[in-house]
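FYI, it's all coordinate maths here, none of it is from the lab. Since we're looking at a predicted model, the values are computed, not measured. Cβ coordinates were reconstructed from backbone atoms using ideal geometry, including for glycine residues, and neighbour counts include every protein chain displayed.
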Amino acid sequence: MMESILKARGLFEIISTEDNVDEKKENITTAMVFQTLPQDVLMQVAQYESAKEVWDSIKVKYLDADLVQKARLQTLRSELEMLRMKANEKVSDYGGKLSSIKAKFKGLGETLKDKVLVRKLLNSVPKKFLPIVTSIEQCQDLDKMLFEEAVGRLIAFEERLKSQDEHEENYQDKLLMASSSNQGRRRNFNKVGKGRGRDTKQGEQDKNKMRCYNCGEFGHLAYECIKWKEKDKNEVSHLVYHSDEDSALL
């Protein structure tokens, strides 16, 4: 800007040549340059006598600063390109990282437009956000969409996913509790079955001490006694035998 002003006033030759120039023009040029400088820079160049020396000093200083600025901007562009949202990262945290990069761009004198950040946000979220990303791309004009609006839509979708996950976890917990309860009942049933088996064995041992009042032997009861059956069978056979003999005599 200063260069353009000096050219318009016919004073640019004062700072572009080392030839002897008009003293009045040189003083005017020096004064005009001084008026455009910040206080800290003015103190650094006040030691120079000619307008050309002042100009050359400022040119070197700001040329170096411009190179540094360009290098930092390039670093930020690389950082923005490589940035990706992690699977377990919150949308608000990732959006904060993008906003921080935007602020750094502004601090270096360059504006990072919302449409760039919106597209970056939608292209770098995990797959679970694919439904809402597709909806935004189909229903919204990304070139006019504010970055904060895109972040808000993703946060709302994230909260819905979280609610569904909590519901599924509660359902799974109930299934596990029911399964554990059923296993406990089975164990109790098995214990009861084993106990009954032991009772049966104990009953058999106690039975060995019992005496049959029919035959007088131990180990069974009267209704289980088979000796009376054999006795009755023998009596019947004997009766039949005698009956046959009587018939023969007749």
Practice problem: Loop only per DSSP, at most 15 neighbouring Cβ atoms within 10 Å: give me the GluC sites (Glu not before Pro) in region 78-119, ordered by residue number. | Solution: Glu89, Glu110
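Would you work out if region 2-70 is rounded, prolate or oblate? Take a ≥ b ≥ c from the square roots of the eigenvalues of the alpha-carbon gyration tensor; rounded if a/c is under 1.5, else prolate when a/b is larger than b/c, oblate otherwise.
Working: a/c = 1.84, a/b = 1.56, b/c = 1.18.
Prolate, because a/c is 1.5 or more and a/b exceeds b/c.
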Practice problem: Can you tell me which of 114-123, 100-109 comes out highest on packing, and rank the rest after it, using the mean Cβ neighbours within 10 Å? | Solution: 114-123, 100-109
Self-check item: region 103-160, relative contact order in percent, only Cα pairs under 8 angstrom and at least six apart counted
Solution: 43
